[in-house]
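Here's the structure, in structure tokens; my notes come after.
The values are calculated or read from the model by the stated rules, or taken from the named source; none is laboratory data. Everything numeric here is computed off the predicted structure, so don't read it as measured data. Note that each Cβ is placed from the backbone with ideal geometry, even for glycine, and that neighbours are counted across all protein chains shown. Accessible surface is based on the protein model in full, side chains and every heavy atom, while ligands, DNA and RNA are left aside. Shrake-Rupley method; radii C 1.70, N 1.55, O 1.52, S 1.80 Å.
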Amino acid sequence: MKKVLSSLRSLLWCHWAMVRKKGVVILCGAFLFVAWNALLLLFLWGRPPIGRLGEVGGAEPGGREEWGAGRGGGADLAGEVIRLAEEVESELETQKHLLKQIQSHRSLWERRREVGKRAMAAAKEEEEEKKKGGEAKGRAEGSPPPPPAPPPNQNQNQNSVENADQVISKNAKGSLAPPPFHRGGSDAVAEEPPANRNKPATLVTPPQAVIPILVIACDRVTVRRSLDKLIQYRPSPELHPIIVSQDCGHADTAKVIGSYGAQVTHLRQPDVSDIRVRPEHRKFQGYYKIARHYHWALNQVFTVLSYDTVVIVEDDLEVAPDFFEYFRALYPILRSDPTLWCVSAWNDNGRDGLVDVGQPGLLYRTDFFPGLGWMLLRDLWAELEPKWPAAFWDDWMRQPDQRRDRSCVRPEVSRTMTFGRKGVSLGQFFDQYLRYIRLNSEFVPFTRLDLSYLLRDGYDRRFQSQVYGAPLVKVEELQQGGALKGNGPFRVQYSSRDSFKVLARNLGVMDDLKSGVPRAGYRGVVSFLSRGRRVYLAPPPGWSHYDTSWS
């Protein structure tokens, strides 16, 4: 009995794996489900019939001779019935799990198929409008109509980073896209290089780009707070599917995630076992499990589900109202500039008093990998996956061998905030810094703005001019306040690891360095507000590289 059931189950799963790859999982899954139950019924009907107990103690027909005599035969019959019931129950549980998998993937594929249909329809409509416009123009000028356009290519539409219908002027009324450098504090007027004035935006996110959100979860039932905000603010379930990858096997957390039904896709990390580590690293077991989970979850997104990009958040992050708008607008920038390798929603020095809340549209380049709500592309994962570390993945990302002189984009005002004090880091930095991070509350229409100023060549020229054109002052002058006139910016200079730490502590910014890079720093410079004035904590002019011995 068990061998037959085991063989049938193996056959079922082999067929399941094959049809899943062919994209017809719903039809074949239903067929296999029906076929399996038919085979089970045929097996049961083929067994010797169990009739009523006869007067001589046997089961009709056959009596005592067929089923055995006395109470011993009755006990064997009861045991056989119980075993059969247990096996049927086990197989029903297997089928239940299979149906859940079918339902999960069906909902996800239906969303992606709908997105594809919309993209094709939009492309077709756009081509028809262009064709009509060309014909009208030709008739007006007395020229023959243009030849019919070839059918649109769906992949080209998805990969395009230009959409003429969404291009607007940087000086359009209500524009909130200042350049990354400005004079003074919240009342300052953003200065724009003359060459860029009245320049139309050319880099915008195509509306059909699918950017999934990957939520890394474990044993926090407060993941509900994170999911509620993501669902509340996302503009489209089709363009932003939410995938929750859960480690730890925590039942209460799984129940919370499951309560969202088809609004999210719930994945479970299959390996929740302890990891063998060196004796001195036993207290870091959690960091090893997190790295293992990230590796598995990102492979699911890029390899199994075949997405081109993803935004990663964790189960203790709350997002801002323009969280999705922010990443949609920066997606083409990330694709266009090979000197960028991520977009982050986080500012490590994003505390009240250190950021200009009056200019929530300010964006910067940073050499420090921020994490805490960040976007990467499939190509980067293909580069990182073969050498993914066993633990401490975020600090590993900050090493020169991984960063390779590439930068991330970060905001002036954070688009995420953490509410999880307890975790594997035991609240490191939470009480001193993280709990005071300012979460943006004003919606900035980033997708309507020209963000090309973030591309490296133009950005670096303005950056050098703005930072090293600022007057050099001492930290005591900043702290006294009245000794300085104007709203800045001002430059405070450090020359060594120790001097950086002393100045950072006195000015209230984070003083730790990773592989020599200061948090939120770019080319060694950390930008922030101090008493309402813009301050650049900077190395001497002529800076060329980070010193990894400063870590």
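Numbers at a glance
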| read-out | value |
| --- | --- |
| Positions within the stretch 399-439 being modelled with pLDDT of 95 or more, part of a loop (DSSP other than H, G, I, E, B) and open to solvent by less than 20 Å² (accessible area, probe 1.4 Å), in sequence order | Glu412, Val413, Arg415 |
| Top-ranked residue of the stretch 479-535 - restricted to ones that are among the hydroxyl-bearing types (Ser, Thr, Tyr) and under 28 Å from the mean Cα position of the chain (by Cα), ranked as nearest to Gly358 (Cα to Cα) | Ser527 |
| Residue list for the stretch 263-288, restricted to those being in a helix (DSSP H, G or I) and open to solvent by 50 Å² or more (accessible area, probe 1.4 Å) | Gln263, Pro279, Glu280, Arg282, Lys283, Phe284, Tyr287 |
| Complete set of residues in the stretch 235-246 that are open to solvent by 30 Å² or more (accessible area, probe 1.4 Å) and of a type outside the set (A, V, I, L, M, F, W, C) | Pro235, Pro237, Glu238 |
| Some residue of the stretch 367-381 being of a type in the set (D, E, K, R), closer than 27 Å to Ile275 by Cα and surrounded by fewer than 18 Cβ atoms within 10 Å (Cβ to Cβ) | no |
| Tabulated pairs, the stretch 312-323, first more than 25 Å from Arg378 (Cβ to Cβ), second among the polar types (S, T, N, Q) and at pLDDT below 95, C-beta under 6 angstrom, 6+ apart or interchain | Asp316/Thr418 |
| In the stretch 466-498, the residues that are of a type in the set (S, T, N, Q) and either closer than 18 Å to Gly521 by Cβ or surrounded by 14 or more Cβ atoms within 10 Å (Cβ to Cβ) (or both) | Gln466, Asn487, Gln493, Ser495, Ser496 |
